[in-house]
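Read through the structure below, which is laid out as structure tokens, and then see the notes.
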Amino acid sequence: MTTSRRDFVRNISLASAGLAINPRVLTTSASAAKASTKAGDRVRLAIIGTGFRGESHLALALRRPDVDIVAICDVDDQMLDRARGILQKSGKAMPRIFTGSPYAYRDLLAMKDLDGVIIATPWEWHSPMILDALAAGIKYVGTEVILGITLQEHWDVVDAAERNHAQVMMLENVCYRRDVMAAMNMVRQGLYGELLHLQGGYQHDLRGVKFNDGKPPYDKGVEFGEKAFSEARWRTNHSVHRNGDLYPTHGVGPLAMMADINRGNRFLSLSSFATKTRGLHNYIVKNGGEHHPNAGVRFRLGDIVTTHLHCANGETMLLQHDTNNPRPYSLGFRVQGTNGLWMDVANSVYVDGVSKPDEWDPAAGWFAKYDHPLWQKYSKDAEGAGHGGMDWFVLNAFVESMKRGVPTPQDVYDAATWSAISPLSEVSVEGGGRPVDFPDFTRGQWMYRKNDFALGDDF
């Protein structure tokens, strides 16, 4: 069933009351998590949502000797059957299975002695499920991107995490991509000089994801909503009703870590512009005919959405969302400073005084030299994991944080900041690209927090 725009965007006003300094801001001390686990212990983990993303987390967690999967939940019998098959193949004990209602997950959250939960459900369920998990006393919540739909939902999650002294980690895996981590290593060692400008985004032809025929998940058919399967059942509706950068975190997450966002720096404002919308309609006509019922759907999402962010320390950041037309996959990273830059699309690096004048170096040589210690230590462990191994790293960070009772390396302030770009960009696009003030989810603590993300080879 197609959901109305009102259900997608309920309240995205910039409430000034939310920007006040608040003493409840989460500390970065180990005691903040108040976890009952200790280093070396096994953790009891539940997974809500066993679709393709959830089953990836399930399979990786089952590979670990320090994780017990004690419960799973989904409303789709087909996906639960797939999850059962993965569990049976692992040889580990079958967990409790919760289903039968959209709110069956609440019974899962009522289980005793859960150390953490992973949420891998449609976007609109993330915030309600996180809030219910925190209210149930769970101290570690890992959520797939994004955090919420409206700006208020982002504030609600931050407030609840602070109130419950809990950790909410967005499982943004691109922060652990090998070339991205090497580029970050070069930033930290000063190779590019002082940062000036950063670019990234989500540039991925998703037409075959947003539509199918209700059977295979990808690249066949032009149905979405109730007649579709997997992501096309829910994700495409966001393209019908919303116009903004709907998926910013793959690009902004790594760049924010390089630019010390929330840790000595912050976003001050953004401006977003959207092109006309053509790609999804053209895809339907090409593959289903001009008389197919979906050929009459009016999509709001501009084919390319460009967002420009201004940082407190003077850097600029450019993000692009480009998912509705034929194109090769690229996150389009560019990291540029006063002494050089990395360009992802060109797969090239230039460092003044080292590279030949006016000539690009292949990035591979630089990235081999500055390979991040985490990848040097754990590359064998990550073999076979999704997305080139980076899925292993993000799950490992979540599990190790639980085991040690310490804050997650990507915290609730990161989750809110990165994800809030979506509702803020919608406001800007609707206003013709007008600048929109960016909320400070840390309530002033960004000035005092230190960037300790992936400083060594621990996790």
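Would you mind checking the radius of gyration and Dmax of the range 66-158 based on alpha-carbon positions, in Å?
Considering the range 66-158 through its Cα atoms, Rg and Dmax are 13.7, 43 Å.
Suppose the chain between L62 and D81 were pulled fully straight at 0.36 nm per residue; how much longer would it get relative to their current alpha carbon spacing?
Here the answer is 5.2 nm.
Leaving out ligands, DNA and RNA, what percent of the accessible area of the chain is carbon and sulfur, probe 1.4 Å?
Roughly 50 percent of what the probe reaches on the chain is carbon or sulfur.
Please report, for the Cα atoms of the range 255-361, the Rg to one decimal and the Dmax as a whole number; what are they, in angstrom?
19.2, 61
In Å and whole numbers, how far do the C-alpha atoms of the range 93-238 stretch along each principal axis, longest first?
Largest to smallest, the principal-axis extents are 56, 45, 38 Å.
To the nearest 10 square angstrom, how much accessible area does W360 have with a 1.4 angstrom probe?
For W360, solvent-accessible area is about 120 Å².
How far apart, in nm, are the 7 Å Cα→Cβ label points at K215 and D358?
Modelled inter-label distance: 5.8 nm.
Projecting each Cα onto the charge dipole of the range 159-286 (Lys/Arg +1, Asp/Glu -1 at the beta carbon, about the Cα centre), which of S230, L195, L270 comes out farthest on the positive side?
With unit charges placed on the Cβ atoms, the residue in question is S230.
Taking only DSSP H segments of four or more residues, each worth -39500 (n - 2.57), what value at 222 nm results for the chain once the sum is divided by all its residues, to the nearest 500 deg cm²/dmol?
Counting only the DSSP helices, I get -9000 deg cm²/dmol.
To two decimal places, what compactness ratio does the range 313-448 give when its Cα radius of gyration is scaled by 2.2 N^0.38 Å?
1.33
When the dipole is taken about the Cα centre of the chain, and only Lys, Arg (+1) and Asp, Glu (-1) are charged at their Cβ, what size is it in debye, to the nearest 20?
620
Rounded to the nearest 20 debye, what is the charge dipole size of the range 331-403 about its Cα centre when +1 sits on each Lys and Arg Cβ and -1 on each Asp and Glu Cβ?
Rounded to the nearest 20 debye, it is 180 debye.
Can you flag which of K220/K286; K139/K403; K380/K450; K227/K286 are past 21 Å Cα-Cα?
Beyond 21 Å between Cα atoms: K380/K450.
Whenever you get a sec, line up H250, H204, H126 from highest to lowest accessible area (probe 1.4 Å, protein heavy atoms).
From most exposed to least exposed: H204, H250, H126.
Taking the convex hull of the alpha carbon atoms in the chain, what volume per residue do you get, in Å³?
140
Please name whichever of F211, H292, I86 sits farthest to the positive end of the charge dipole of the chain, dipole taken about the Cα centre and charges placed at Cβ: Lys and Arg +1, Asp and Glu -1.
Farthest towards the positive end: I86.
Give me the accessible area of W446, 1.4 Å probe, in Å² rounded to the nearest 10.
Here the accessible area works out near 40 Å².
What full-extension length gain, to one decimal in nm, is calculated for K92 and L455 as 0.36 nm per residue of separation minus the Cα-Cα distance?
Working it through step by step, the gained length comes to 127.3 nm.
If you take the beta carbon distance between R163 and D107 as r and set R0 to 22 Å, what does 1/(1 + (r/R0)^6) give as a FRET efficiency, to the nearest 0.05?
Using R0 = 22 Å, I get an efficiency of 0.40.
Express the relative contact order of the chain as a whole percentage, based on alpha carbon pairs under 8 Å and six or more residues apart in sequence.
This gives 22 percent for the chain.
Once you put a point 7 Å from the Cα of K380 and another 7 Å from the Cα of E194, both along the Cβ direction, what distance in nm separates them?
4.4
For the range 282-388, what is the accessible area per residue in Å², given a 1.4 Å probe and the full set of protein chains?
Averaged over the residues of the range 282-388, the accessible area is 53 Å².
Let me know the charge dipole size of the range 118-215 about its Cα centre in debye, to the nearest 20, where only the beta-carbon of Lys, Arg (+1) and Asp, Glu (-1) is charged.
With only Lys, Arg, Asp and Glu charged at Cβ, the dipole is about 340 debye.
Once you place label points 7 Å from the Cα toward the Cβ at R298 and Y329, how far apart are they in nm?
3.5
The values are calculated or read from the model by the stated rules, or taken from the named source; none is laboratory data. All figures in this text were calculated on a predicted structure; none of them were measured in a lab. Glycine also receives a Cβ, built like all others from the backbone with ideal geometry; neighbour counts cover every protein chain displayed. The area values use the complete protein model at the heavy-atom level, side chains included, leaving out ligands, DNA and RNA. Shrake-Rupley method; radii C 1.70, N 1.55, O 1.52, S 1.80 Å.
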